[in-house]
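The values are calculated or read from the model by the stated rules, or taken from the named source; none is laboratory data. Not measured: the values here are computed from a predicted model. Here the Cβ is made from the backbone with ideal geometry for all residues, glycine too, and neighbour counts use every protein chain on show. What goes into the accessible areas is simple: the full protein's heavy atoms, side chains included, and nothing from ligands, DNA or RNA. Shrake-Rupley method; radii C 1.70, N 1.55, O 1.52, S 1.80 Å.
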Amino acid sequence: MSFSVAIDGPAGSGKSTITKKVAEDLKFNYVDTGALYRSLTYNFLQNNLKKLEEEKIKNILEKTKIKVLFDGSIQRQLINGEDVTEKIRTKEISKYASLFAKSKNVRDYLITIQRNLAKKENVIMDGRDIGSVVLPNADVKIFLTASVDERAKRRFNELKEKSLSLEEIKEEIKKRDFQDKNRQIAPLKKTDDAIEIDSTFLTIKEVVDKIKNIILKAKEVK
């Protein structure tokens, strides 16, 4: 029987880092939802589509078959048989992925893919609408957060080139929070059945251990 975990939270809360570590420790498949959006974006660009035109998006998606494979801790994506895993990590893909993520057709298409993965395997997914939209019936839902100051500090420390000041990053995060919470399609929100974890004063290991304990207890009950 499959077991699904949804981890949501705002930008800079440490979702990806934490989720990957939990998946690795518990031998769950980590579903990189961002890679799925990137894969479709690659496909759109291959079809010379660079604008948010829903009718064209719909037509392309009708001819698109995406397959997700798990190779140990690596997730691979095939678009119509072509392995695009290494081809989707470019600046151009990043630029257009955020555009196509706004498409209702794209989101509906990928929700089906993500839900099917959760039916077959033990999966853990992170994002901003996993518990509320993608996996509303997930066995465990976590809402991971941290203060704006802490998230800005983390993002600043991650930057190899300090092109932005700490204050500028803080303002960017505030703006991103507002956009995520107020977007029309699948806004960021904590569901009533999600367990909130504030990581402001916790180490990565402490957060990972907390989430692992929650999952293991839930699996015992199931």
Query raised in the report: Quick one: is G34 within 26 Å of I169 (Cβ to Cβ), buried (at least 19 other Cβ atoms within 10 Å of the Cβ) and at pLDDT below 95?
Result: no
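From the list K189, K205, K175, K212, exactly one residue is surrounded by fewer than 17 Cβ atoms within 10 Å (Cβ to Cβ), in a helix (DSSP H, G or I), in contact with an Asp or Glu (Cβ under 9 Å, 6 or more places away or on another chain) and of a type outside the set (G, A, S). Which is it? If you could, list the steps in order and put the result at the bottom.
Details: K189 fails: in a helix (DSSP H, G or I); K205 fails: in contact with an Asp or Glu (Cβ under 9 Å, 6 or more places away or on another chain); K175 fails: in contact with an Asp or Glu (Cβ under 9 Å, 6 or more places away or on another chain).
Matching residue, one of K189, K205, K175, K212: K212.
Among the candidates I93, I66, single out the residue that is open to solvent by less than 20 Å² (accessible area, probe 1.4 Å) and touching a strand residue (DSSP E or B) at 6+ places or on another chain (Cβ under 7 Å). Step through it out loud before you land on a result.
On the way: I93 fails: touching a strand residue (DSSP E or B) at 6+ places or on another chain (Cβ under 7 Å).
Only one candidate passes the filter, namely I66.
Could you check the stretch 37-54 and list, in sequence order, the residues that are outside any helix (DSSP H, G or I), open to solvent by 30 Å² or more (accessible area, probe 1.4 Å) and in contact with a helix residue (DSSP H, G or I) (Cβ under 9 Å, 6 or more places away or on another chain)?
Step one: of the stretch 37-54, the residues outside any helix (DSSP H, G or I) are 47-53.
Then keep just the ones that are open to solvent by 30 Å² or more (accessible area, probe 1.4 Å); that gives 47-48, 50-53.
Result: N47, K50, K51, L52.
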Requested in this report: Would you point out which residue out of K141, K153 is open to solvent by 70 Å² or more (accessible area, probe 1.4 Å) and either part of a helix (DSSP H, G or I) or of a type outside the set (S, T, Y) (or both)?
Outcome: K153
**Report entry** Inter-residue pairs, beta-carbon under 6 Å, first on the phi < 0 side of the Ramachandran plot and in the stretch 174-193, second loosely packed, with under 13 Cβ neighbours inside 10 Å, 6+ apart
**Finding:** P187/K181; L188/K181
Report summary line: Of the listed residues (A11, A23), the one being of a type in the set (G, A, S), over 19 Å from F70 (Cβ atoms) and over 10 Å from the mean Cα position of the chain (by Cα) is A11
Report summary line: Checked pairs for the stretch 72-86, first within 16 Å of G34 (Cα to Cα), second among the acidic types (D, E), C-beta under 8 Å and 6 or more apart or across chains, list as S73/E24; Q75/D32; R76/D83; Q77/D83
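So, of the residues in the stretch 1-31 that are among the charged types (D, E, K, R) and on the phi < 0 side of the Ramachandran plot, which turns out to be surrounded by the most Cβ atoms within 10 Å (Cβ to Cβ)? If you could, list the steps in order and put the result at the bottom.
Step one: filter the stretch 1-31 for residues among the charged types (D, E, K, R), giving 8, 15, 20-21, 24-25, 27.
Then drop every residue that is not on the phi < 0 side of the Ramachandran plot, which leaves 8, 15, 20-21, 24-25.
On the way: D8: 27, K15: 22, K20: 16, K21: 19, E24: 14, D25: 13.
Once the filter is applied, the top-ranked residue is D8.
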Query raised in the report: For the stretch 117-128, how many residues are part of a helix (DSSP H, G or I) and either in contact with a Gly (Cβ under 9 Å, 6 or more places away or on another chain) or more than 14 Å from A138 (Cβ to Cβ) (or both)?
Result: 1
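For D126, indicate whether it is open to solvent by less than 50 Å² (accessible area, probe 1.4 Å), closer than 29 Å to S2 by Cβ, of a type in the set (D, E) and touching a Lys or Arg at 6+ places or on another chain (Cβ under 7 Å). Can you show your working first?
On the way: open to solvent by less than 50 Å² (accessible area, probe 1.4 Å): yes; closer than 29 Å to S2 by Cβ: yes; of a type in the set (D, E): yes; touching a Lys or Arg at 6+ places or on another chain (Cβ under 7 Å): yes.
So D126 passes the test.
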Requested in this report: Report yes if V106 is surrounded by 20 or more Cβ atoms within 10 Å (Cβ to Cβ), in a helix (DSSP H, G or I) and in contact (Cβ under 8 Å) with a residue 40 or more places away in the chain, otherwise no.
Outcome: yes
Query raised in the report: Restricting attention to the stretch 73-88, and to residues there that are within 23 Å of F28 (Cβ to Cβ) and in a loop (DSSP other than H, G, I, E, B), which single residue is most open to solvent (accessible area, probe 1.4 Å)?
Result: S73
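If I go through the stretch 161-172 residue by residue, how many of them are open to solvent by less than 80 Å² (accessible area, probe 1.4 Å) and modelled with pLDDT of 90 or more?
If we filter the stretch 161-172 for residues that are open to solvent by less than 80 Å² (accessible area, probe 1.4 Å), which is where we start, we get 164-166, 169-170.
If we keep only those that are modelled with pLDDT of 90 or more as well, we get 165-166, 169-170.
So the answer is 4.
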